[in-house]
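> Please see the structure below; I have some questions.
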Amino acid sequence: MKTKYNVDELGFYGKFGGAFIPEMLYPNVEELKENYLKIMAEPSFQEEFNHLLQQYVGRPTPLYFAKRLSEKYHTKIYLKREDLCHTGAHKVNNTIGQILMAKRLGKKRIIAETGAGQHGVATATVCALMGLECIVYMGEIDIQRQAPNVARMKMLGATVRPATSGSKTLKDATNEAIRDWINNPVDTFYIIGSVVGPHPYPDMVARFQSVISKEIQTQLQAQEGKDNPDYVIACVGGGSNAAGAFFEFLENESVQLIAVEAAGHGVDSGESAATSVLGKIGIIHGSKTLLMQTEDGQITEPYSISAGLDYPGVGPLHAHLHDSNRAEFIAITDADAMQAGLDLSKTEGIIPAIESAHAFAVLDKKTFQPDEIVVINLSGRGDKDLNTYIDYFNLSD
Ligand SMILES: *Cc1c(COP(=O)(O)O)cnc(C)c1O
């Protein structure tokens, strides 16, 4: 089927995507590219993936009609409750899929990179589940900033290796992971945490996360008698929760897609992560996409109060959705996101991850009609962010 928004045979979404990798990685990426669709289509793979999503992750997650929030904004608001997944966010949908892929390809050793540690925890979790060796690369500075997630990974049996070069953050951890993969091409599988990286990763991750929009369709049919909402809103770091929430609606242009980025202190403040506004086309993590860079093409350090949105690029699907105007991109400041997180807590009794809170802040920026159906993807729970909320709102007084 010819589509406008899915990946083409060469791994491109419009002019974005592809696989820009060192020659030494070519066999690994080629092996995955040749096999991923075949393996994902196997009934035994589907069965094992669906079984684990149900019994281990706790899917389907509810599509919850938020009555008080709907009354406040005079429209019909549904929350897709990815915060209720095991480990507290959507990331585990993808790591389950990729570890099953690794096993089918006969791999014995798993590597991953992590920034805030959420993807590292989701990877360490599934490695424990499958009894596979797990090595997580993490910038030295991030190790200091994210001590609880480092402790979680260690409890789960993973080895956390510090990246000590450059800015000692996510991009340096990514470099270390790629170096490891080059040195261990035969037995190692690299689990990437978002819809980023060389083809076929963005497409593979989007397909694993597409369970989110498949469930939205079924659940909306049961609750509203129709399977398409008017709007789907999701926050974008690399873009995996948004890709999953948008996936089944990409070709149906009556569904309006809203991608929410972190403006940090403001898009013009020099402290931001709003790639759609500040980014230019370039290559990051093996993919041609929009990224924040200096005049001479060096990646700029992004900033957001939420660690999960603090990424200097977006995946190639999102670059294309932006370029083609299929999705509307909105940048939300730290201040507006924090307020939206507090408001959701008080209105619905749900404390969101600060990443997800960015998506809720859109409710104050746009107006929706009373009979419109707005689905917000609640990508994760706020437990991990409690200290940030406490400091920001002086809640310990
Ligand atoms: C990691 C994370 C994100 C951002 O990652 P995407 O790939 O853009 O989804 C968003 N929300 C939560 C809760 C996260 O942990």
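The values are calculated or read from the model by the stated rules, or taken from the named source; none is laboratory data. Keep in mind that this is a model prediction, so the values were computed, not measured. Note: ideal-geometry Cβ built from the backbone for every residue, glycine included; neighbour counts use all protein chains shown. Please note that ligands, DNA and RNA were not included when accessible areas were found on the heavy atoms of the full protein model with its side chains. Shrake-Rupley method; radii C 1.70, N 1.55, O 1.52, S 1.80 Å.
> Taking 0.36 nm per intervening residue step and subtracting the Cα-Cα distance, what contour gain separates Arg68 from Leu10 on full extension?
Stretched fully, the Arg68-Leu10 segment lengthens by 16.2 nm.
> Taking the Cβ of Gln256 as the centre, find all other residues whose Cβ is under 11 Å away and add up their charges (Lys, Arg: +1; Asp, Glu: -1). Write down the numbers at each step before the final one.
Details: positive: Arg326, Lys366; negative: Asp230, Glu253, Glu328, Glu372.
Every neighbour counted, the sum reads -2.
> Could you compute the FRET efficiency for Glu271 and Gln298, with r as their C-beta to C-beta distance and R0 at 22 Å, rounded to 0.05?
After rounding to 0.05, the efficiency reads 0.80.
> Could I ask something else about it? Could you grab the relative contact order for region 57-155? Cα pairs under 8 Å, six or more apart, rounded to a whole percent.
Value for region 57-155: 21 percent.
> Mark the label point 7 Å from the Cα of Asn183 along Cα→Cβ and return the residues of region 111-138 whose backbone N is within less than 19 Å of it.
Residues 111-114, 133-138 qualify, since their backbone N sits under 19 Å from the label point.
> Which one of Ser167, Ser306, Ser240 has the biggest mean-square fluctuation once the chain is modelled by GNM with Cα springs under 10 Å?
Ser167
> Where only protein heavy atoms count, and the probe is 1.4 Å, what is the accessible area per residue for region 1-160 in Å²?
That works out to 46 Å² per residue.
> Determine, at each q value in 0.08, 0.09, 0.16, 0.20 (inverse angstroms), the log₁₀ of I(q)/I(0) that the Debye formula gives when each Cα of region 120-270 is one equal point scatterer.
The Debye formula, applied to the Cα set alone, gives -0.31, -0.39, -1.03, -1.25.
> Further question: Run the simple label-point estimate for Thr159 and Ser324 please: 7 Å along Cα→C-beta, distance reported in nm.
4.3 nm
> If you don't mind, another one. If contacts are Cα pairs under 8 angstrom and at least 6 residues apart, what is the relative contact order of the chain in percent?
The value is 20 percent.
> Same structure, new question: On the accessible surface of the chain, probed at 1.4 Å, how many percent belong to carbon and sulfur atoms?
Here carbon and sulfur together make up 51 percent of the probe-accessible area.
> Now for a separate question. Work through the residues other than Leu10 whose Cβ is under 12 Å from its Cβ and net out their charges, Lys, Arg +1 and Asp, Glu -1.
So the environment of Leu10 carries a net charge of 0.
> If I stretch the segment between Lys226 and Lys346 completely, what's the gain in nm (0.36 nm per residue apart, minus their alpha carbon distance), one decimal?
40.2 nm
> Scan the chain and note any complete DSSP helix (H) whose C-alpha atoms cover at least 30 Å along its axis and whose Kyte-Doolittle average is 0.0 or more.
None clear 30 Å together with a mean of 0.0.
> Can you give me the pair-distance distribution of region 193-242, C-alpha pairs, 10 Å bins, whole percents?
In whole percents, the pair-distance histogram is 26, 42, 25, 7.
> Starting from a Cα-only point model with no solvent, please compute log10 I(q)/I(0) by Debye for the chain at q = 0.13 1/Å.
At q = 0.13 Å⁻¹ the computed log10 ratios are -1.06.
> How far apart, in nm, are the 7 Å Cα→Cβ label points at Thr218 and Lys38?
Between Thr218 and Lys38, the label points sit 2.9 nm apart.
> Return the ratio Rg/(2.2 N^0.38 Å) for region 33-110, where Rg is computed over Cα atoms only.
1.46
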